[in-house]
Amino acid sequence: MVLFDDYSMLHAVIMAGGSGTRFWPASRKLVPKQLLALSGQRTMIQSTVDRLGDLIPPDRQMIVTNKILAEAVREQLPELPAANVVGEPCKRDTAPCVGLAAAIIKRIDADGTMVVMPSDHVIASPEKFQAALAAAEKLIDEDPTRIVTFGITPTYPAESFGYIQRADEIPADGVSAFRVEKFREKPDRATAESYVDAGTFYWNSGIFLWRASTILDALAKNVPEMSKHLHAIAGAMGTPEFDAVLEREFTAIKGTSIDYAVMESYDNVVMIEAPFPWDDVGSWQALSRLNDPDENGNTVVGSHIGIDTKGSIIMAQEGHTVVTIDVEDLIVVQTADATLVAPKHAEERVREAVKALEERGMTDKL
């Protein structure tokens, strides 16, 4: 059943090139976080596609990922046409990723609208998500130069998120929508507290909608050198030289984020107050939000025996049992070739472990 057949020109772009280093040792270069099942049976990228439902059919869904992950993504999403999984030759941040996807979409649909989203978020209400996308697309139909994003009402003064400051409210179908006053960088603790107290600031979800032509025009204005390379790639589409041109031109791009390249300076941005529950699954403690803890506050994925164990996060691979005795607030992650043990408050330092492995040449553990 098609839910919104009036919105036939909406395309989905799922960014899936991240390495998920904060989820080491479960997340690896060849099997990063988005390819793991951290909650339920479906992997994160499969769940991201699932929540689109019937709103956007598979032939208008595109995954942009690292070329070394492209085949693994295709295996996890066999319903998508193989060509809809686009492999970037190298990592160049989100602006080139968005530009590449926009160039491809504009070639096949000159007036196409894109929803761009990360592959590693959890949104528990797909129906509300789809309805919000439909409302956002209508806002763009009313003014094709608009960019629409979703703001998450903050529940605590997070220092790890960027923020969106809202301005005046505008009419929208079934959602609360506001003009954007300003995008704010990740704040320190005191600034984050002031944002939450003000009541007019939201976490930046990293989910955006725009016409493909609108974002390409904005990139051409703000980052013209990047735009030249994207234009060259677009010119080679459909030719035998495309792969070689993509490799050469994309590699030559100086990477930057879409927030820095466009969002922070664009003057026609609308924010919808997200009507759906959202989690960015940024680190191991997210497992406690995605899976019900036991009576001792432990979140367990796999086989575990806990003796006087409280408030810990335990993950074990199939066929292996982790036993903990007299511990509290630990993260213990066991895989076939590496084990992580860390206090929960030090979860951000997992990246240091990854860096240490790189420095010691232990690339087989990455």
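The values are calculated or read from the model by the stated rules, or taken from the named source; none is laboratory data. Please read all numbers here as calculations on a predicted model, not as lab measurements. Quick reminder, even Gly has a Cβ in these numbers, built from the backbone with ideal geometry, and neighbours come from all protein chains shown.
Scanning the range 93-122 for residues that are among the aliphatic types (A, V, I, L, M), surrounded by fewer than 23 Cβ atoms within 10 Å (Cβ to Cβ) and under 17 Å from Arg42 (Cβ atoms) yields one hit, Val122. Each residue in the range 253-310 was checked for being closer than 24 Å to Ala26 by Cβ, within 19 Å of the chain's Cα centre (by Cα) and not aromatic (Phe, Trp, Tyr), and 11 of them qualify. The single condition among (1) outside any loop (DSSP other than H, G, I, E, B); (2) in the same structural domain as Gly151 (by TED's automatic domain parsing); (3) without any contact (Cβ under 8 Å) to a residue 12 or more places away in the chain that Ala356 does not satisfy is (2). Of all residue pairs spaced 6 or more apart or on separate chains, those with beta-carbon atoms under 7 Å, a first member in the range 46-57 that is farther than 13 Å from His11 by Cα and a second member that is surrounded by 15 or more Cβ atoms within 10 Å (Cβ to Cβ) and hydroxyl-bearing (Ser, Thr, Tyr) are Thr48/Ser119.
Determine if the range 317-324 includes at least one residue that is among the acidic types (Asp, Glu) and closer than 20 Å to Lys29 by Cβ. No, that holds for no residue.
Given (1) among the hydroxyl-bearing types (Ser, Thr, Tyr); (2) surrounded by 15 or more Cβ atoms within 10 Å (Cβ to Cβ); (3) in contact (Cβ under 8 Å) with a residue 40 or more places away in the chain, identify the lone condition not met by Thr339. Only one criterion is unmet by Thr339, namely (2).
Look at the range 184-197: where a residue is under 11 Å from Gly162 (Cα atoms) and a partner is among the small types (Gly, Ala, Ser) and assigned to a loop (DSSP other than H, G, I, E, B), sitting 6+ places away or on another chain with Cβ atoms under 9 Å, you get Arg184/Gly162; Glu185/Gly162; Lys186/Ala158; Lys186/Ser160; Lys186/Gly162; Pro187/Ala158; Pro187/Gly162; Ala192/Ala158. Would the range 254-266 turn up any residue that is farther than 23 Å from Val115 by Cβ, in the same structural domain as Lys106 (by TED's automatic domain parsing) and not small (Gly, Ala, Ser)? Within the range 254-266, one or more residues are farther than 23 Å from Val115 by Cβ, in the same structural domain as Lys106 (by TED's automatic domain parsing) and not small (Gly, Ala, Ser). Checking each residue in the range 41-51 for being buried (at least 20 other Cβ atoms within 10 Å of the Cβ) and in a helix (DSSP H, G or I) picks out Met44, Ile45, Ser47, Thr48, Val49.
Of the residues contained in the range 29-40, one or more are found to be charged (D, E, K, R), in contact with a Leu (Cβ under 7 Å, 6 or more places away or on another chain), at pLDDT below 95 and in a loop (DSSP other than H, G, I, E, B). Only one of the numbered conditions (1) surrounded by fewer than 16 Cβ atoms within 10 Å (Cβ to Cβ); (2) free of Cβ contacts under 8 Å to residues at least 60 places away in the same chain; (3) not hydrophobic (A, V, I, L, M, F, W, C) is not met by Asp279, and that is (2).
Does Ala136 meet the test of being assigned to a loop (DSSP other than H, G, I, E, B), within 22 Å of the chain's Cα centre (by Cα) and aliphatic (A, V, I, L, M)? It is false that Ala136 is assigned to a loop (DSSP other than H, G, I, E, B), within 22 Å of the chain's Cα centre (by Cα) and aliphatic (A, V, I, L, M). Scoring Gly112 on the criteria (1) at pLDDT below 95; (2) of a type outside the set (Ser, Thr, Tyr); (3) over 15 Å from the mean Cα position of the chain (by Cα) leaves a single failure, condition (1). Regarding the range 208-231, can at least one residue be identified that is touching an Asp or Glu at 6+ places or on another chain (Cβ under 6 Å), surrounded by 14 or more Cβ atoms within 10 Å (Cβ to Cβ), in the same structural domain as Thr251 (by TED's automatic domain parsing) and over 22 Å from Asp279 (Cα atoms)? Yes, the range 208-231 contains at least one residue that is touching an Asp or Glu at 6+ places or on another chain (Cβ under 6 Å), surrounded by 14 or more Cβ atoms within 10 Å (Cβ to Cβ), in the same structural domain as Thr251 (by TED's automatic domain parsing) and over 22 Å from Asp279 (Cα atoms). Number of residues in the range 155-183 that are in contact (Cβ under 8 Å) with a residue 40 or more places away in the chain and assigned to a loop (DSSP other than H, G, I, E, B): the value is 9.
For the range 52-92, a residue qualifies if it is of a type in the set (D, E, K, R) and either in a helix (DSSP H, G or I) or surrounded by fewer than 20 Cβ atoms within 10 Å (Cβ to Cβ) (or both), and the qualifying residues are Asp54, Asp59, Arg60, Lys67, Glu71, Arg74, Glu75, Glu79, Lys91.
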